[in-house]
Amino acid sequence: MIYRSRRRHRSFQISMPSLLGSHNTDADDDVLHITIIGAGIAGLTCALALRRTNPAAKITLLEKSAFDKHKETGAALYVAPNCSDHLLRLGWNPKSSGSNKCEGFISVNGPTGAVLKQMNLGFADEKWRGQDGRDRPWFLSHRVDLHHELRRLATDESGEVPGKAAALHCSIVVKHIDTESGTVELEDGRTFRSDVVIGADGNASTSRRFVDPSARLKSFDKSCYRFLVERQRLLDDPETRMLVEEDGYFADVTAPDRKFVIYPCRENKYVNFACFSPDEIEGTGNGKRRMILFQITAVVNEWSDWDQMGSKAKLEKSFDSFWPPGRKALSYAGDDLKVWQMMDADPLKSLVNGRLALIGDAAHPFLPYQLFANSTGPVLGQGAAQAMEDGVSIAVLLQKGTKSSEMKPLVKLYDQIRRERVNYIQEKTRINGRDEGKGRMTPDELFGMLDFCYVHDEWANTSKHLTTWRDNAKKVNSHPVAAEA
């Protein structure tokens, strides 16, 4: 049953018999009802940006998880210049989430310990400065700390953040989305409608199948193990000190077919490790050699796969050919290693359908290769960045004054703006993760790709496309005969 609320009481309240909502009409008060399925980094960034672009909008976040079970979870991540720009504009304070600047990198030959390359990134602020002169720093952040701060900003009702606070509801399972009407049916039978639905529900997306029923995640034949190490422990160890002695530096310790990367987060107090190695996937029992990714940190427990225990013995055996300080660094892995099966997906032919638009990993799952440097230079760091760009793009398109009747063409415009860019970056991310000698990008190609990623301003880009779209719409409306033809 679809419940409709009276105009003056329209809101989304879990305490009501149903989640309430209805489409606005041109004669209505033009307050958009926007439902975001998923409250991860993509969904929260979108909600926060919408508070700025459409202060009166009624934003509802429907999150499958309970959040209260989250403990020390969430990999560290890069807040690259093309997304730090937007977060800073939206009121994010890096210190509030313990983020530290990325200051440089060092690349080391794993078997010999020889330093292959070292680079200070002090030039980054100037090189990737915003078109209007704004600073666009490159930060390293713990995912959970960043998530908590985005969640606070998106739902804050104290007046600190402009615009109407987003309403966050947890433990919500979506069963069906009618993309033409914007009707969303929950697993418990409750049904509601909104002007537009944003699918931000991550890798294991429910929303994705309502855009492309044939879309499937596929195994990438790799696994991931994660946890964090206190940086001071590595600083106190004479063997490992050289890997972490510089604030804000990430280190890439590499061999032709295996590597590990470490970089700091939480104000340089903790270190995130990530390690690739050819090995047998744990628990397969088929003896097939595959590339296993050991990521020494913790992970957002969005999927049950993260709960599988990993093997420290296998991790250490995979790197037993590395020079002693490298092996010693890996010995700090705890006994609570968690394993994750890495998944990939073919690019979608469209990110939208009717009133539904996909953002973040629901639209374009990113492999964690963007986390890693190589001997040629720094990383792309675009998984979270592209999710944030998606959220900002949607928010700009749905800015104040947007009517419900414009939803479908604006949703299509979002697809036209975003899909080509994210697909291109996604493919370059795969290339950057290849073993040495298998087509990995050259230094010039990598730095050219960094420019492509980091200089981009999605807020300005989407605004430009929206202006063109509105200008064209005015021309069509001013020539009704031509429009009918």
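The values are calculated or read from the model by the stated rules, or taken from the named source; none is laboratory data. The model shown is predicted, which means the values in this text are computed figures rather than measured ones. A quick note on method: Cβ atoms are made from the backbone with ideal geometry, for glycine too, and the neighbour counts reach across all protein chains shown.
Restricting attention to the range 103-111, does a residue exist that is hydroxyl-bearing (Ser, Thr, Tyr) and in contact with a Leu (Cβ under 9 Å, 6 or more places away or on another chain)?
Yes.
Do you know which of the residues in the range 378-425 that are β-branched (Val, Ile, Thr) and not in a loop (DSSP other than H, G, I, E, B) is farthest from LEU50 (Cα to Cα)?
Looking at the filtered set, the residue picked out is ILE425.
If PHE210 passes every condition in (1) modelled with pLDDT under 95; (2) in contact with a Gly (Cβ under 8 Å, 6 or more places away or on another chain); (3) over 16 Å from GLU63 (Cα atoms) but one, which one does it miss?
(1)
Is it the case that the range 43-51 has a residue that's part of a helix (DSSP H, G or I), polar (S, T, N, Q), surrounded by 24 or more Cβ atoms within 10 Å (Cβ to Cβ) and in contact (Cβ under 8 Å) with a residue 60 or more places away in the chain?
Within the range 43-51 (the criterion being part of a helix (DSSP H, G or I), polar (S, T, N, Q), surrounded by 24 or more Cβ atoms within 10 Å (Cβ to Cβ) and in contact (Cβ under 8 Å) with a residue 60 or more places away in the chain), the answer is yes, since at least one residue qualifies.
If I filter the range 3-40 down to residues being at pLDDT 95 or above and not in a loop (DSSP other than H, G, I, E, B), which single residue comes out as farthest from ASP390 (Cα to Cα)?
Filtering the range 3-40 for residues that are at pLDDT 95 or above and not in a loop (DSSP other than H, G, I, E, B), the one farthest from ASP390 (Cα to Cα) comes out as HIS33.
Within the range 443-467, how many residues are in a helix (DSSP H, G or I), modelled with pLDDT of 90 or more and surrounded by 11 or more Cβ atoms within 10 Å (Cβ to Cβ)?
Within the range 443-467, residues that are in a helix (DSSP H, G or I), modelled with pLDDT of 90 or more and surrounded by 11 or more Cβ atoms within 10 Å (Cβ to Cβ) number 9.
Just give me the residues in the range 84-100 being surrounded by 18 or more Cβ atoms within 10 Å (Cβ to Cβ) and either touching a residue at least 60 places away in the same chain (Cβ under 8 Å) or over 22 Å from the mean Cα position of the chain (by Cα) (or both), in sequence order.
ASP85, HIS86, LEU87, LEU90, TRP92, GLY98, SER99, ASN100
Which of the following residues is at pLDDT below 95, buried (at least 24 other Cβ atoms within 10 Å of the Cβ) and in contact with an Asp or Glu (Cβ under 7 Å, 6 or more places away or on another chain): LYS288, LYS259, LYS218?
Of the residues listed, the single one that is at pLDDT below 95, buried (at least 24 other Cβ atoms within 10 Å of the Cβ) and in contact with an Asp or Glu (Cβ under 7 Å, 6 or more places away or on another chain) is LYS259.
Taking the range 159-185 on its own, how many of its residues are touching a His at 6+ places or on another chain (Cβ under 9 Å) and surrounded by fewer than 21 Cβ atoms within 10 Å (Cβ to Cβ)?
3
Being modelled with pLDDT under 70 and more than 25 Å from ASP257 (Cα to Cα) is the filter here; which residues of the range 332-372 pass it?
ASP336
ALA329 - would you say it is buried (at least 17 other Cβ atoms within 10 Å of the Cβ), part of a loop (DSSP other than H, G, I, E, B) and modelled with pLDDT of 70 or more?
No.
Here is a list of conditions, (1) surrounded by 20 or more Cβ atoms within 10 Å (Cβ to Cβ); (2) within 23 Å of the chain's Cα centre (by Cα), and VAL108 meets all of them except one; can you say which number that is?
Unmet for VAL108, out of (1) surrounded by 20 or more Cβ atoms within 10 Å (Cβ to Cβ); (2) within 23 Å of the chain's Cα centre (by Cα): (2).
For GLU180, all conditions in the list (1) within 24 Å of PRO365 (Cβ to Cβ); (2) modelled with pLDDT of 95 or more hold save one; what is the number of the exception?
Against the list (1) within 24 Å of PRO365 (Cβ to Cβ); (2) modelled with pLDDT of 95 or more, GLU180 comes up short only on (1).
Can you tell me how many residues in the range 114-144 are crowded, with 18+ Cβ neighbours inside 10 Å and assigned to a helix (DSSP H, G or I)?
Total satisfying the criteria: 3.
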